[in-house]
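Since every read-out is calculated from the coordinates, none of them should be taken as a lab result. Note that the structure is a prediction, hence the values are computed from the model and not measured. With ideal geometry, Cβ positions are generated from the backbone for all residues, glycine too; neighbour counts draw on all protein chains shown.
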Amino acid sequence: MAEAEVSQAVVLFVTLFAMMVGMIFTLIPPIPGTLVIWGASLGYGLVLGWEKLGWLAFSLITILMIAGIAADFLGGQFGAKLGGASCLAVVVGTVVGLILGFIISLVGTPLLGCLAGMGGTLGGILLIERVRYNDWRSALNATKGYLAGNIVGIMAKVTAGAIMIGVFLARVYWGG
């Protein structure tokens, strides 16, 4: 009996640790932290059995994960459209950001890579829109719109992640 309790405690610790890592990832635009949180709850259910987590709780966690990823993606797109950024600028900015982020992550640290990726994305959008509008003010407005939309998307993703963890904890500790 003691072995079962220890293994249950270990699985819960690993699950909660992975969920906290997922919450940190929700703050980084291209990384779907809600997917990490969902994966941790999936692992918990697979290892300890679904009666511990429950299908209703897991279904709610799944819906919140999808909503978090959708909000993250749509936030940036909506902000870009409001600011006047073109699809080409967003695509070029994203590609520049991914390449720059990857290279800097290899040379420096992952945190520097994330910052370089965000800077590359914003810089790429700014430069494409500068060429498109032939005006720095319009290009800056388009870039600010994209950034504002991403901030809203991150806030939605963080909220979804926090609720996912809340649903998990409520079910595991008080649900049965």
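With semi-axes √(5λ) of the Cα gyration tensor in Å as the read-out, I listed [x] 22, 20, 16; [y] 39, 17, 10; [z] 56, 18, 12; which label goes with the value calculated from this structure? Given [x] 22, 20, 16; [y] 39, 17, 10; [z] 56, 18, 12, the calculated one carries the label [y]. For the chain, the longest principal axis of the Cα atoms and the long axis of helix 110-133 meet at an angle of about 40 degrees. Summing +1 for each Lys or Arg and -1 for each Asp or Glu among the other residues whose beta-carbon sits under 12 angstrom from that of Met164 gives +2. Remark: relative contact order (the chain) = 30 percent; criterion is Cα-Cα distance under 8 angstrom and separation of 6 or more residues. Sum up the charges of everything whose Cβ sits under 11 Å from the Cβ of Thr34, counting Lys and Arg as +1 and Asp and Glu as -1, but leave Thr34 out. Cβ neighbours under 11 Å give a net charge of 0. Under 14 Å from the Cβ of Leu122, count the other residues' Cβ atoms, weight Lys and Arg +1, Asp and Glu -1, and hand me the total. Around Leu122, the charge tally is +1. Dipole check for the chain: with +1 at the C-beta of Lys and Arg, -1 at the C-beta of Asp and Glu, and the Cα centre as origin, the magnitude is about 560 Debye.
Against the main long axis of the alpha-carbon atoms of the chain, helix 33-48 sits at an angle near 20°.
Expressed as an acute angle from 0 to 90° and rounded to the nearest 10, what is the orientation of the C-alpha long axis of helix 55-83 relative to the principal long axis of the chain? The helix 55-83 is inclined about 10 degrees to the chain. Ranking Gly161, Ile103, Leu56 by Cα position along the charge dipole of the chain, where only Lys, Arg, Asp and Glu carry charges on their C-beta atoms, puts Ile103 farthest toward the positive end. Only helices enter the 222 nm calculation for the chain: every DSSP H run of n ≥ 4 contributes -39,500 (n - 2.57), and dividing by all residues gives -30000 deg cm²/dmol, rounded to 500.
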